[in-house]
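Participant: Please read through the structure below; I'll follow up with questions.
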Amino acid sequence: MNKRTQISLVISSAMLAFGAAQVQAAELEVTVTNATKGIYFTPILAAAHDSSLFMFRTGETASSEVESMAEGGDISGLSGVIANAGGVVVENPAAGILNPGVATTFDISTGDLEYLSLGAMLLPTNDGFVGLDSWKIPTQAGTYKATLNGYDAGTEANDELAGSMPNPPFITFGAGGTGVETAVSNAKVHIHPGNIGDGDAAGGISDLDSSSHRWLNPVATITIVVK
């Protein structure tokens, strides 16, 4: 075998190996960490999809399914829409609430789908959610990290009153607040400004505790291992 043939074989083998790595890159290991001090994530929905789908878009009106997720933590409608359109979904990988400072890890087989999205309600908020919108899945194997922001669905006024949001037993609410907002100030999906809260458990403007329920973006970190 001459040197030219040997070189050609080496190049061909390398290209085949690279091609195999590209195919195997459809297997993802995803770790989501709640990076907040006192905010909880409701059951998470993760989805792989093509470019014709998206979970949410900033600057656009939230779908009724995103509204259900952002106001009540219900991911069933959003999951159904994505699955029926050919997406791959992973529901509730944390098996319930993801507490502050806690991480959850799950696998997702994306096939030939090119994008990854994720969402979960932020508690306590009126219509806040943590989100990842149409992240392009790399074709090269490796570990990729990003931070995730909290978004406002724009579907409910941020009055921060206990009667306007879910009241799980692990969150202590105040009472008698007059309300931070009385009307929706931005009816499109946008970056959430965070809770305001106050220090008055029996009055004030908010039923949230400013010492534990205030937060700034980002609210989560995500690590994606492309295999």
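Participant: Take the alpha carbon gyration tensor of region 48-137, find the square roots of its eigenvalues, order them as a ≥ b ≥ c, and report rounded if a/c is under 1.5; if not, report prolate when a/b exceeds b/c, else oblate.
Facilitator: oblate
Participant: Hey, rough spin-label estimate for Thr147 and Ser76, points 7 angstrom out along Cα→Cβ, what's it come to in nanometres?
Facilitator: Each label point lies 7 Å from its Cα, and together they span 3.6 nm.
Participant: So how far apart, in nm, are the two label points at Asp112 and Ser64 if each is 7 Å from Cα heading toward Cβ?
Facilitator: About 3.3 nm separates the two model spin labels.
Participant: In sequence order, what are the phi-derived ³J(HN,Hα) couplings for region 90-102 according to the Karplus relation 6.51 cos²θ - 1.76 cosθ + 1.60 with θ = phi - 60°, rounded to whole Hz, with x for glycine and proline?
Facilitator: Whole-Hz 3J(HN,Hα) from phi for region 90-102: 10, 9, 6, x, 8, 6, x, 6, 9, 6, x, x, 9.
Participant: For Cα extents along the principal axes in Å, pick the label among (1) 48, 42, 34; (2) 87, 31, 27; (3) 74, 41, 38 that corresponds to the value derived from the coordinates.
Facilitator: Read-out from the structure maps to (2).
Participant: Next question, about the same structure. Take a quick pass over the chain and tell me how many lysine pairs come in under 27 angstrom between Cα atoms, counting only ones 8 or more apart or on separate chains.
Facilitator: So the count works out to 6.
Participant: Starting from the Cα-Cα distance between Thr105 and Gln140, subtract it from 0.36 nm times their residue separation and give me the gain in nm to one decimal.
Facilitator: Net length gain for the segment: 10.5 nm.
Participant: Could you tell me the relative contact order of the chain? Use alpha-carbon pairs under 8 Å, at least six residues apart, and round to a whole percent.
Facilitator: 27
Participant: Let me check I've understood the local charge: for Pro193, count other residues with C-beta under 15 angstrom from its C-beta, Lys and Arg +1, Asp and Glu -1. What total comes out?
Facilitator: Details: positive: Lys188, Arg214; negative: Asp127, Asp152, Glu156, Asp159, Glu160, Glu181.
Computed value for this residue: -4.
Participant: With each label point set 7 Å from Cα along the Cα-Cβ vector, what nm distance links Asp50 and Asn84?
Facilitator: 1.8
Participant: Residues with amide H under 5 Å of Leu148's amide H, sequence separation 5 or more or different chain, H placed in the peptide plane at 1.01 Å from N; which?
Facilitator: Val219, Ala220, Thr221, Ile222
Participant: Shifting gears a bit: Give me a comma-separated list of calculated 3J(HN,Hα) values for region 222-227, in order, Karplus coefficients 6.51, -1.76, 1.60 applied at θ = phi - 60°, integers in Hz, x for any Gly or Pro.
Facilitator: Those phi angles translate into 9, 10, 10, 9, 8, 9 Hz.
Participant: May I ask for the net charge around Pro93, where only other residues with Cβ less than 15 Å from the Cβ of Pro93 are counted and Lys, Arg are +1 while Asp, Glu are -1?
Facilitator: -3
Just so you know, all these numbers are worked out from the coordinates, no wet-lab data involved. None of these values were measured; they are calculated from a predicted model. Here Cβ is always computed from backbone atoms with ideal geometry, including for glycine, and neighbour counts include all displayed protein chains.
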